[in-house]
1. Only one of N191, N235 is assigned by TED's automatic domain parsing to the domain that holds A156 and farther than 26 Å from F39 by Cβ; which?
2. Just the residues that are under 26 Å from A263 (Cα atoms) and either crowded, with 22+ Cβ neighbours inside 10 Å or touching a residue at least 60 places away in the same chain (Cβ under 8 Å) (or both), please, taken from region 299-313.
3. Only one residue in G296, G276, G258 is small (G, A, S), in contact (Cβ under 8 Å) with a residue 24 or more places away in the chain and within 19 Å of D167 (Cα to Cα). Which one?
4. Considering only residues that are among the aliphatic types (A, V, I, L, M), within 15 Å of ligand 1 (Cβ to nearest atom) and out of contact with any Asp or Glu (no Cβ under 7 Å at 6 or more places or on another chain), which ones fall in region 122-162?
5. Are any residues in region 173-201 more than 24 Å from S141 (Cα to Cα), free of Cβ contacts under 8 Å to residues at least 60 places away in the same chain and surrounded by fewer than 21 Cβ atoms within 10 Å (Cβ to Cβ), and if so, which ones?
6. Of a type in the set (S, T, N, Q), touching a residue at least 12 places away in the same chain (Cβ under 8 Å) and within 16 Å of ligand 1 (Cβ to nearest atom): which single residue out of Q239, Q249 fits that description?
7. When region 300-316 is examined, which residues are found to be within 10 Å of ligand 2 (Cβ to nearest atom) and among the β-branched types (V, I, T)?
8. Could you run through region 36-57 and say how many residues are over 12 Å from D11 (Cβ atoms) and within 18 Å of the chain's Cα centre (by Cα)?
Amino acid sequence: MNILAIETSCDETAAAIITDDLEVLASVVASQDKLHERFGGVVPEIASRAHVQRILPVIEETLRRAGLALADLDAVAVANTPGLAGSLLVGLSAAKALALALEVPLIAVNHLQAHIYACRLAAGRDVFPCVGMIVSGGHTSLYRCAGPIDFELIGATIDDAAGEAFDKVASMLGLKYPGGPSIQRAAEHGNPSAWRFPRALLKDKSRLDFSFSGLKTAVRYAIAGPGRPDFSALNLSEQEVSDLAAGFQQAVIDCLAGKAFLALEKTGMKRLCVGGGVAANGPLRARLEADARRWGVELFVAPLELCTDNAVMGAIAVERFKAGKFEPLDLDVRPGVVRKKATL
Ligand code: KG4
Ligand code: ZN
């Protein structure tokens with residue numbers, strides 16, 4: 001059985017074909033990084049327009065690489081939540097049209113569950129139940145995952161997502177978008193202790209939430225000082241940029257690792273799965289590995305190519321297919337994330 005998975009939740013137009021035994025036959029990702037670079041972040045209107053231009057060529061190329069025709073597809077899966085409304089709509093419309101024309105089932109993919117499913121796919125074996133941590137441009141959240149499609153929110157950022165902070169701090173430091181990889185590179189030559197940035201909520205063991213907006217402001221003051229908004233006038237040396245990047249990155253890593261392991265302690269779970277763009281961060285991965293060894297936790301971090309948005313993680317549709325969870329053709333997008341949180 002072949003499932004076509006479509007992903008357009010943010011600024012990546014992606015499609016993949018996966019079999020019911022989780023073999024990936026083809027995967028194509030058309031990145032929009034170049035279009036958004038000069039704005040230092042994703043511009044929703046530009047993203048939706050680019051999805052419209054790219055979605056059909058991306059699907060055609062995916063079929064070509066898999067050596068399949070449209071008639072060989074047995075189901076169409078699409079991420080319909082959460083994400084940018086205009087972006088999600090492009091993928092959903094394409095998926096509905098194909099499902100209708102081919103008379104195959106339509107399957108809804110939760111983009112956040114899919115980020116965690118990337119760990120399951122790469123592991124080649126069951127990773128549930130686990131604590132799932134999603135660290136991306138739009139989300140920083142912790143879930144108690146009883147199974148691949150059974151998630152309960154236990155912690156989340158109360159303001160910015162970690163990736164959003166990486167992107168904004170990179171922009172303040174004059175580094176290229178997307179900020180995560182740029183900050184990681186700059187931080188390699190920096191001293192993480194040159195600046196002592198705040199680790200909001202880290203000491204508060206009663207909650208599993210994150211906050212990164214104060215950290216962003218702290219970096220901004222470290223660069224320019226209060227009341228000096230014009231960053232372009234500042235000439236930071238390469239070493240200063242590296243030290244600021246390293247100090248910022250270390251603060252984010254301390255918060256992410258601290259809360260992830262607090263979640264394991266509170267839930268009594270022994271497995272941690274981490275996905276989303278920020279999970280590509282090398283020093284974060286190294287820190288999680290060290291902590292996991294220390295606390296006897298089984299760690300699954302999505303492989304680098306499956307951290308940032310892609311359609312391979314839409315393989316989670318196989319689980320929904322097996323559970324008989326299909327959608328009617330009036331399926332809508334749900335841009336916002338469900339914020340009902342369990343108390344531990
Ligand atoms: O999961 P993703 O592709 O899109 C969303 O669903 O948001 O994540 C994109 C985010 C961006 O903010 C980007 O700066 C960040 O992931 N990112 C990184 C790294 N690579 C990408 N952050 C830190 N270190 C990295 N190496
Ligand atoms: Zn994502």
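The values are calculated or read from the model by the stated rules, or taken from the named source; none is laboratory data. Owing to the predicted nature of the structure, the values given are computational and were not obtained by experimental measurement. Because the Cβ atoms are built from the backbone with ideal geometry, glycine has one as well, and the counts that use them run over all protein chains shown.
1. Result of the check over N191, N235: N191.
2. Across region 299-313, the qualifying residues are F300, V301, A302, P303, L306, C307, T308, D309, M313.
3. Criteria check complete, one pass: G276.
4. M133, I134, V135, A161, A162
5. R185, E188, H189, N191, P192, S193, A194, W195, R196 - these are the residues of region 173-201 that are more than 24 Å from S141 (Cα to Cα), free of Cβ contacts under 8 Å to residues at least 60 places away in the same chain and surrounded by fewer than 21 Cβ atoms within 10 Å (Cβ to Cβ).
6. From the options Q239, Q249, the qualifying one is Q249.
7. T308
8. 1
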